[in-house]
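Report on one structure; see the data block that follows.
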């Protein structure tokens, strides 16, 4: 199979972690007889340095022409970088928002996985996490409160702000379909999270999710109020498989779930549109303070590449190969600085990439 991948190294540690992800992808492609074509494109600070703007039409065009986009990290130090002397619309993060909009990436996927070897980093009690957990947060990314009409006014000398939470049934249906499709590749359970006891938008959300669920008899569907879900994530995270929710709830719950794992350097993410096209990136930032030092953890980017193989290219066996390589590296005691603990072997960013590729070969 021929895979056309647009690579956005980005800023900070981005180029380093992308290089290691490519090592692992190349090892998989050799083992399974695939051909990978990489097209490197610029976004964020790197694009500002080259073109004066964080996102160019050429980058959008090349991203759309690819089968998927694999991205490192975007942004720099807001206190010292000249990028942050620019107007907000010309800063690195504006490029990220712009490409998400241009590619219509409405479905955000953020896995929260607790590896047994890293359970000491988890803030929860051992009796709660003894069986581990593997959660996929499915967040609607382009609607809801963050994209509704807003205003700030003064009435009779009193300031007043209004933010509007709006969803239509088509916006809800398309993210729900994605969630159920992904549940079919996992443990066949969807927990839809809303606030249907208060909000009209949530009552519509619940109704549409039920309609979609009827088309997936193999998948168990349950509904949970968002406040209860926040509690259950720290009480019993192992009960969840796919968590489906709207934009603001997903923003909050995905951050909570990531911290429950105790290691953000291990967490991948993806943003998908209505086709199988997606942009895949680590959940962590650009870490400019350690850029170029060969100490960054590339595993989140490597696992993002695994998600790309699974959800865009339908290469489940190859994705499993990468995830098994990560588990093997952890079991054998290899650690980058951010996850290092006593009795293990410290390796750098490039060293971890070599090790992961070696398990696959």
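The values are calculated or read from the model by the stated rules, or taken from the named source; none is laboratory data. Quick caveat: nothing in here was measured; it's all calculated off a predicted structure. All Cβ positions, glycine included, derive from the backbone under ideal geometry; neighbour counts span all protein chains shown.
Check region 144-151 and report whether any residue there is without any contact (Cβ under 8 Å) to a residue 40 or more places away in the chain and either outside any loop (DSSP other than H, G, I, E, B) or not assigned by TED's automatic domain parsing to the domain that holds residue 218 (or both).
Step one: filter region 144-151 for residues without any contact (Cβ under 8 Å) to a residue 40 or more places away in the chain, giving 148-151.
Okay, now just the ones that are also either outside any loop (DSSP other than H, G, I, E, B) or not assigned by TED's automatic domain parsing to the domain that holds residue 218 (or both), so 150-151.
Yes; the residues of region 144-151 include at least one that is without any contact (Cβ under 8 Å) to a residue 40 or more places away in the chain and either outside any loop (DSSP other than H, G, I, E, B) or not assigned by TED's automatic domain parsing to the domain that holds residue 218 (or both).
Tell me which residues, restricted to region 86-118, are under 30 Å from residue 332 (Cβ atoms) and either free of Cβ contacts under 8 Å to residues at least 12 places away in the same chain or buried (at least 22 other Cβ atoms within 10 Å of the Cβ) (or both). Steps first, please.
Initial filter on region 86-118 (under 30 Å from residue 332 (Cβ atoms)): 109-118.
Listed by number, the residues that qualify are 109, 110, 111, 112, 114.
Scan region 60-85 for residues that are surrounded by fewer than 16 Cβ atoms within 10 Å (Cβ to Cβ) and more than 21 Å from the chain's Cα centre (by Cα) and report the count.
Taking region 60-85 first, the residues surrounded by fewer than 16 Cβ atoms within 10 Å (Cβ to Cβ) are 61, 64-65, 77-80, 82, 85.
Keeping just the survivors that are more than 21 Å from the chain's Cα centre (by Cα) gives 61, 65, 77-80, 82, 85.
Residues flagged as surrounded by fewer than 16 Cβ atoms within 10 Å (Cβ to Cβ) and more than 21 Å from the chain's Cα centre (by Cα) within region 60-85 amount to 8.
In this structure, is residue 243 under 28 Å from residue 127 (Cβ atoms), part of a strand (DSSP E or B) and touching a helix residue (DSSP H, G or I) at 6+ places or on another chain (Cβ under 6 Å)?
no
Collect the residues in region 175-185 that are in contact (Cβ under 8 Å) with a residue 12 or more places away in the chain and either over 12 Å from residue 211 (Cα atoms) or surrounded by 18 or more Cβ atoms within 10 Å (Cβ to Cβ) (or both), keeping them in residue-number order. Talk me through it step by step, then tell me what you get.
Within region 175-185, the subset in contact (Cβ under 8 Å) with a residue 12 or more places away in the chain is 175-180, 182-185.
Within region 175-185, 175, 176, 178, 179, 180, 182, 183, 184, 185 meet the criteria.
Filter region 261-270 down to the residues that are in a helix (DSSP H, G or I) and touching a residue at least 60 places away in the same chain (Cβ under 8 Å), then identify the one that is surrounded by the most Cβ atoms within 10 Å (Cβ to Cβ). Of everything passing the filter in region 261-270, 266 is surrounded by the most Cβ atoms within 10 Å (Cβ to Cβ). Note on region 326-348: residues that are closer than 17 Å to residue 284 by Cβ and either part of a strand (DSSP E or B) or outside the structural domain of residue 28 (by TED's automatic domain parsing) (or both) amount to 1. All of 314, 289 fail the test of being over 25 Å from residue 209 (Cα atoms), surrounded by fewer than 24 Cβ atoms within 10 Å (Cβ to Cβ), in the same structural domain as residue 64 (by TED's automatic domain parsing) and out of contact with any strand residue (DSSP E or B) (no Cβ under 9 Å at 6 or more places or on another chain), apart from 289.
Considering region 58-68 alone, what residues qualify as being part of a helix (DSSP H, G or I) and in contact with a helix residue (DSSP H, G or I) (Cβ under 9 Å, 6 or more places away or on another chain)? I'd like the intermediate steps shown before the answer.
Quick first cut of region 58-68, residues part of a helix (DSSP H, G or I) only: 58-65.
Correct list: 58, 59, 60, 63, 64.
Taking the stated definitions as given, is residue 71 assigned by TED's automatic domain parsing to the domain that holds residue 7, at pLDDT 95 or above and assigned to a strand (DSSP E or B)? In short, yes.
Number of residues in region 13-52 that are touching a helix residue (DSSP H, G or I) at 6+ places or on another chain (Cβ under 6 Å) and in a loop (DSSP other than H, G, I, E, B): the value is 4.
Tell me, please, whether a residue that is outside any loop (DSSP other than H, G, I, E, B), crowded, with 21+ Cβ neighbours inside 10 Å and at pLDDT 95 or above can be found in region 210-220. Spell out how you get there, then give the answer.
Of all residues in region 210-220, those outside any loop (DSSP other than H, G, I, E, B) come to 210-213, 220.
Subsequent filtering for residues that are crowded, with 21+ Cβ neighbours inside 10 Å retains 212.
If we keep only those that are at pLDDT 95 or above too, we end up with 212.
So far as region 210-220 goes, yes, one or more of its residues are outside any loop (DSSP other than H, G, I, E, B), crowded, with 21+ Cβ neighbours inside 10 Å and at pLDDT 95 or above.
The single residue among 206, 174 that is touching a strand residue (DSSP E or B) at 6+ places or on another chain (Cβ under 6 Å) and assigned to a helix (DSSP H, G or I) turns out to be 206. Would you be able to say whether some residue in region 251-260 is surrounded by fewer than 23 Cβ atoms within 10 Å (Cβ to Cβ) and more than 30 Å from residue 148 (Cα to Cα)? Within region 251-260 (the criterion being surrounded by fewer than 23 Cβ atoms within 10 Å (Cβ to Cβ) and more than 30 Å from residue 148 (Cα to Cα)), the answer is yes, since at least one residue qualifies. Screening 114, 118, 86 for residues that are within 30 Å of residue 290 (Cα to Cα) and not assigned by TED's automatic domain parsing to the domain that holds residue 209 leaves exactly one candidate, 86.
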